[in-house]
Amino acid sequence: MRLVVLTPHFAPDLAPTGVVVTRLVEELAERDHEIEVITSLPWYRDHRIEPGYEGKLVRTEDAPWGRIIRLHPFPTSDKTDLVRRAASFIGFTALSVLKGRKGARVDGVLALSPPLTLGLAGRAIADRRHAAYVFNIQDVFPDIAIELGYLSNATLIRSAKALERRCYERADAITVLSEDLKANVARKVSDPSKIRVIPNFVDTATIQPGEHENEYRREHGLEGKTVVMYAGNVGLSQSLDLFIDAAVALRDDPSLHFVINGTGAARTELEDHARGLSNVTFVDPQPIERLAEVLAAADIHVVVLKKGLARSSVPSKTFSILAAGRPFVASVDPGSEIAEIADRSGAGISVPPNDAEAFVKAIDHLIEHPDERIGMGENARSFVEAWASPAAVAATYEDLFAELRGPS
């Protein structure tokens, strides 16, 4: 099949979505499909165009499996400035339609959200190129923006929800990451049967359990420590104040250290909150090649989402933690997909969101029971190997496009 993939991020961009989509494209290519990727110029790390990519609105690259069209994303570093973010999304979306509608007929188009506007771009490209159209939802918008309080104007909310419904209705199929997200989207469409659950996968060949005392630890003075780590986007959806509060509560233990590995809109405020704490270290995002090493350096990982968001978002870092064979503490809504994964895998402890006491208690329990941590890490690896391999996810997408396309 000939496919178009429309995604906000793609390698070498370090965004979690970009990592997932890059591997999906590689797996589809292994299955002899020709692929055209439409994406942004790399910008995620510093929220500006990376060196070597400046100076052009559009760059086209040949790939062994097809080609990559990189477009200017008009980046903004302030996620709370909805006007500028909307302008960025609209600019990137308009360029996507302009470039994506050019070209020969294809069999399928896959577009990812957020940004939600790519839902309309995907439909426009699919119509022009006579293709089946699948809309993938990584996070449900505008629900997250409303829950966080960043979208409160009633008129804007109505407009955003109308756009959301239009994007859903115009897709031939909608893929979501969990049953929670499926239930959310099902309430907003006339035909819920077109919603399919396809989880994000993790590269279990690249991300494997590794030695704790590795080069990453040596670089950051973590040798011999029990390390509690948050690795990922330091954004507005994550309740990372809980993480700093836990560091404060447990600061009298000299063998314990807390690490935030990542960047994002909330990092400056968090660094202010942690000022004066000798048991907290902030580390900039690492090259994707070091992901397994970074994850292995922790004894305990955390997944933290603000109240109400775990039913609209499934952080891909959860799958990477499982692949690394490490236990995790999740501060998420009870009954959400992440809470269920913690329970089913036997690899995590989930506590209610924004409950600092329960969060600290869960971390302290794992600190005090190292043998239990080891067993949970083994459970994590076994669970993810049986559940979320890249090849299985690529095969599911292949089957879905074949079903939508119908007989050749």
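A few points about this structure:
- Applying both filters, DSSP loop and at most 16 other Cβ atoms within 10 Å, to the trypsin sites (Lys or Arg not before Pro) of segment 51-158 gives K56, R101, K102, R105.
- Surface per residue (accessible, 1.4 Å probe) for segment 198-295, Å²: 43
- Rolling a 1.4 Å probe over the heavy atoms of the protein chains gives segment 311-403 an accessible area of 38 Å² per residue.
- Estimated FRET transfer efficiency when R0 is 35 angstrom, pair R84-R344 (beta carbons, to 0.05): 0.30
- Its DSSP H runs of at least 4 residues, each contributing -39,500 (n - 2.57), put the calculated 222 nm mean residue ellipticity of the chain at -12500 deg cm²/dmol, to the nearest 500.
- Treating r as the C-beta distance of R405 and A186 and R0 as 22 Å, the FRET efficiency rounds to 0.35.
- For the chain, the antiparallel share of DSSP beta bridges with both residues in that region comes to about 15%.
- Ellipsoid fit via the Cα gyration tensor, the chain: semi-axes of 35, 22, 21 Å, each the root of five times an eigenvalue, largest first.
- For segment 85-131, the solvent-accessible area with a 1.4 angstrom probe is 37 square angstrom per residue.
- Of the residues V259, V140, A392, the one whose Cα sits farthest toward the positive end of the charge dipole of the chain, with +1 on the Cβ of Lys and Arg and -1 on the Cβ of Asp and Glu, is V140.
- Overall, the chain carries a charge dipole of about 2140 debye about its Cα centre when +1 sits on the Cβ of Lys and Arg and -1 on the Cβ of Asp and Glu, all other atoms neutral.
- Shown for the chain: the carbon plus sulfur share of the solvent-accessible area, taken with all protein chains present and a 1.4 angstrom probe, equals 50%.
- Degrees between helix 390-405 axis and first principal axis of the chain (Cα, 0 to 90, nearest 10): 20
- Dipole of segment 300-408, positive direction: furthest Cα of S316, A342, S382, with charges on the beta-carbon: S316
- Whole-angstrom gap from segment 1-22 to segment 94-111, using each part's C-alpha centre: 15
The values are calculated or read from the model by the stated rules, or taken from the named source; none is laboratory data. Since the structure is predicted, the reported quantities are computational estimates derived from the model, not experimental observations. Note that we place each Cβ from the backbone using ideal geometry, even for glycine, and neighbour counts take in every protein chain shown. With ligands, DNA and RNA removed, areas are computed over all heavy atoms of the protein, side chains included. Shrake-Rupley method; radii C 1.70, N 1.55, O 1.52, S 1.80 Å.
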